Amino acid sequence: MKGRIFIREGPENFKLEESTIWSFPDRGKWATHSGKYRGNWSPYIPRNLILRYTKEDDWVLDQFLGSGTTLIEAKLLGRNAIGIDVNPDAIKLSDYNLKFSIQTNSKIFTRQGNARDLSFIKNSSIDMICTHPPYADIIEYSDSIPEDMSHLQYEEFLLAMKDVAVEANRVLKKNAICAYMIGDVREKGYVRPLGMDSMNVFLESGFKLKEIIIKEQHNCRSTEYWQKKKKNFLMLAHEYIFVLEKQ
């Protein structure tokens, strides 16, 4: 079929993770996945989360769509999915990455929008949230989009995450899972615990903490830069995946 891409549908010898320490040195390049979009997560992560916490035909939401990694996995695994991003360039890239043929009947939608305002999604209609927000202003994903949370400094970012958590709670079904990955940040040599601070925002919004997963970081672009610098601190080499349940 013209315009369609035929792809390898999954990783070889895949098995679900069984502990709270995850490490994927081989980032994963099946389907249309690649590491070219800066800051995107390994497809092994949404694959594990979607398989563990959803079933076929469930609805998965990613409100920080990026290059479409989560929606690609949802399509491969026979889940329906909605992807949202404030950046129209991310929507275009995701739409391109999702243009492959596979024998599932997944309904896949992308939409330019704001993770803090999901008013077009009905209350208690989503089976799982699987997402990877920016880490405050560590990587800026657009030049001048006002709603882009990657421009927000630490305190502003946490305030915005309160709105994200409230909307996530509203759209999820009872006892459904919200899973997201985030890392800590360093300012002037000192760690700011963005992971735990953001987790507390979700707990204060009514979620209950089911799992804290530590994900080892590989192939970070800043690693080579810092290895050449004289420094009096340890390099951050982990991220958190928080698995939260709506009550």
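Please work out if residue 124 is assigned to a loop (DSSP other than H, G, I, E, B) and at negative phi.
Taking the combined requirement at face value, the residue does not satisfy it.
Answer yes if at least one residue in the range 159-173 is open to solvent by 60 Å² or more (accessible area, probe 1.4 Å), of a type outside the set (A, V, I, L, M, F, W, C), part of a strand (DSSP E or B) and under 21 Å from residue 245 (Cα atoms), and no otherwise.
yes
Just to check your reading of the model, which residue among 50, 82 is touching a strand residue (DSSP E or B) at 6+ places or on another chain (Cβ under 7 Å) and outside any strand (DSSP E or B)?
50
Determine whether the range 17-26 contains at least one residue that is closer than 26 Å to residue 147 by Cα and either touching a Ser or Thr at 6+ places or on another chain (Cβ under 9 Å) or in a loop (DSSP other than H, G, I, E, B) (or both).
For the range 17-26, residues closer than 26 Å to residue 147 by Cα and either touching a Ser or Thr at 6+ places or on another chain (Cβ under 9 Å) or in a loop (DSSP other than H, G, I, E, B) (or both): absent.
With the checklist (1) surrounded by fewer than 20 Cβ atoms within 10 Å (Cβ to Cβ); (2) modelled with pLDDT of 95 or more in hand, flag the one item residue 223 doesn't pass.
(2)
Which one of these is under 17 Å from residue 115 (Cβ atoms) and touching a residue at least 24 places away in the same chain (Cβ under 8 Å): 170, 186, 192?
The conditions single out 170.
Of these, 107, 92, 99, which one is out of contact with any Ser or Thr (no Cβ under 7 Å at 6 or more places or on another chain), surrounded by fewer than 23 Cβ atoms within 10 Å (Cβ to Cβ) and over 25 Å from residue 141 (Cα atoms)?
After ruling out the rest, the residue left standing is 107.
Is it fair to say residue 52 is modelled with pLDDT of 95 or more and either among the acidic types (Asp, Glu) or surrounded by fewer than 17 Cβ atoms within 10 Å (Cβ to Cβ) (or both)?
In short, yes.
Within the range 61-75, identify whether any single residue is open to solvent by less than 10 Å² (accessible area, probe 1.4 Å), part of a helix (DSSP H, G or I) and acidic (Asp, Glu), and answer yes or no.
Taking every residue of the range 61-75 in turn, at least one turns out to be open to solvent by less than 10 Å² (accessible area, probe 1.4 Å), part of a helix (DSSP H, G or I) and acidic (Asp, Glu).
Report the residue count in the range 128-142 for those that are hydroxyl-bearing (Ser, Thr, Tyr), within 15 Å of residue 84 (Cβ to Cβ) and surrounded by 20 or more Cβ atoms within 10 Å (Cβ to Cβ).
2
Of all the residues that make up the range 174-213, how many are surrounded by fewer than 16 Cβ atoms within 10 Å (Cβ to Cβ), of a type outside the set (A, V, I, L, M, F, W, C) and in a helix (DSSP H, G or I)?
2
Could you pull out the residue among 141, 190 that is more than 16 Å from the chain's Cα centre (by Cα), on the phi < 0 side of the Ramachandran plot and not aliphatic (A, V, I, L, M)?
190
Which condition does residue 155 not pass, out of (1) surrounded by 14 or more Cβ atoms within 10 Å (Cβ to Cβ); (2) assigned to a helix (DSSP H, G or I), if it passes all the others?
The single condition residue 155 does not satisfy is (1).
Could you list, ordered by first residue, the pairs with Cβ atoms under 8 Å in which the first is in the range 78-96 and under 12 Å from residue 108 (Cβ atoms) and at pLDDT 95 or above and the second is of a type in the set (Lys, Arg) and assigned to a helix (DSSP H, G or I), at least 6 apart or interchain?
Qualifying pairs under 8 Å: 81/75.
The values are calculated or read from the model by the stated rules, or taken from the named source; none is laboratory data. Being a predicted model, the structure only gives us computed values, none of them experimental. Methodologically, a virtual Cβ is constructed for each residue, glycine included, from the backbone with ideal geometry; neighbour enumeration extends over all protein chains shown. Heavy atoms of the whole protein, side chains included, go into the accessibility calculation; ligands, DNA and RNA do not. Shrake-Rupley method; radii C 1.70, N 1.55, O 1.52, S 1.80 Å.
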